[in-house]
1. When you scan the stretch 17-70, how many residues do you find that are among the charged types (D, E, K, R) and either closer than 23 Å to Glu251 by Cα or in contact with a Cys (Cβ under 9 Å, 6 or more places away or on another chain) (or both)?
2. Within the stretch 11-35, how many residues turn out to be closer than 23 Å to Arg282 by Cβ and crowded, with 16+ Cβ neighbours inside 10 Å?
3. Just to be sure, is Ser275 over 17 Å from the mean Cα position of the chain (by Cα) and polar (S, T, N, Q)?
4. Restricting to the stretch 210-238, count the residues that are in a helix (DSSP H, G or I), within 28 Å of Arg298 (Cβ to Cβ), within 17 Å of the chain's Cα centre (by Cα) and not acidic (Asp, Glu).
5. Exactly one of these conditions fails for Leu130: (1) modelled with pLDDT of 95 or more; (2) within 24 Å of Glu166 (Cβ to Cβ); (3) surrounded by 21 or more Cβ atoms within 10 Å (Cβ to Cβ). Give me its number.
6. Go over the candidates Ser253, Ser249, Ser210, Ser308 one by one and state the one that is of a type in the set (S, T, N, Q), crowded, with 21+ Cβ neighbours inside 10 Å and touching a residue at least 12 places away in the same chain (Cβ under 8 Å).
7. Glu243 - would you say it is surrounded by fewer than 20 Cβ atoms within 10 Å (Cβ to Cβ), in a helix (DSSP H, G or I) and among the acidic types (Asp, Glu)?
8. For the list (1) hydrophobic (A, V, I, L, M, F, W, C); (2) surrounded by fewer than 19 Cβ atoms within 10 Å (Cβ to Cβ); (3) at pLDDT 95 or above; (4) part of a loop (DSSP other than H, G, I, E, B), I need the number of the one condition that Ile146 fails.
Amino acid sequence: MKEIALSEINEQLADCPEHLIIDAEAAYDKQLRALADQICRRSIAHPIVLVSGPSGSGKTTTACRLEQILDASGYEAHTLSMDNYYADGTRNADIVDQFGKPDYESPLRLDSDLLNEQLDALAHGKPVELPRFDFAQQKQLKSGRILTRKPHELIIMEGIHALNPEVTGAAHNSATRIYLSVRTRITDGTEKLHPSLIRFARRLIRDSRSRGRSPEETLSMLSSISRGENLYIMPYKHYADFELDTFMSYELSVYRPIILDTVRALCDEPGAAESGIPILLRTLEKLETADADWIPPRSLVREFIGGSEFTE
């Protein structure tokens, strides 16, 4: 796991903040282009691309960016979300966590039979009618969208369970498998900020902005999300052919004015200390602020703060 000094981030912000953003975006774009090149080289035998990672890792933007790059390379790609393959809520009523609450992280909530059936059909160029999941009704519906993969086209499937063999095992032999997450720690010389807290900061902003959740609700979900990651996601990342670090060196400096007061207040909530929230607060307090104006609309950071060309 990589590390970056907090002082280095502040020095770059003091010197030229726009260059810090531009350089970080260029470095991520370089990773994506190298990955897209590998996908193209493997495309005949592996027309399916599975993109997995924990909550807040930037799967949606990464998948959409890969689609853009692949399209421009002459390998037209179609991005699908695993969220649309959830089974009807009535089937999931008995799936609970250790506290007896609904376990929304469980792979058993997915209609894996339909998912594998459609991935196999798409890999062999057969038409499928894609599903659409209505979260308000907790019901899987037909979308009316028929998709047929043509020769040399690719299917990108993104979702937290994309590498779980119990969910997508039937597709693994025809897939390029990608795992992504934040893999860089910020250190001030005395303590290190765990990458999971950067993903928490991302979710804190996104949940408030677009999902109607209070900061307290986002914090209360953290233990359940962490449990789900340890049970259902991390054990399968070794199946990945490629890994991607979605850390952006400037991002916490952009998040700082948005969530500083919120994180300070969360430190008084039950379970905050055990979750590392005080370390996140101290890191935010020591960082300088960066202006979001230089962040392009295709940036992964825009998935969380708003203004994304992919998720709005």
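1. Of the residues in that region, 8 qualify.
2. In the first step, residues of the stretch 11-35 are kept if they are closer than 23 Å to Arg282 by Cβ; the result is 11-14, 17, 20, 24.
Applying the additional criterion that residues be crowded, with 16+ Cβ neighbours inside 10 Å yields 12-13, 17, 20, 24.
Number satisfying all stated conditions: 5.
3. Against the criterion (over 17 Å from the mean Cα position of the chain (by Cα) and polar (S, T, N, Q)), Ser275 qualifies.
4. 5
5. Only one criterion in (1) modelled with pLDDT of 95 or more; (2) within 24 Å of Glu166 (Cβ to Cβ); (3) surrounded by 21 or more Cβ atoms within 10 Å (Cβ to Cβ) is unmet by Leu130, namely (3).
6. Ser253
7. no
8. The failed condition is (4).
The values are calculated or read from the model by the stated rules, or taken from the named source; none is laboratory data. Worth saying up front: this structure is predicted, and the values here are computed from it rather than measured. Here the Cβ is made from the backbone with ideal geometry for all residues, glycine too, and neighbour counts use every protein chain on show.
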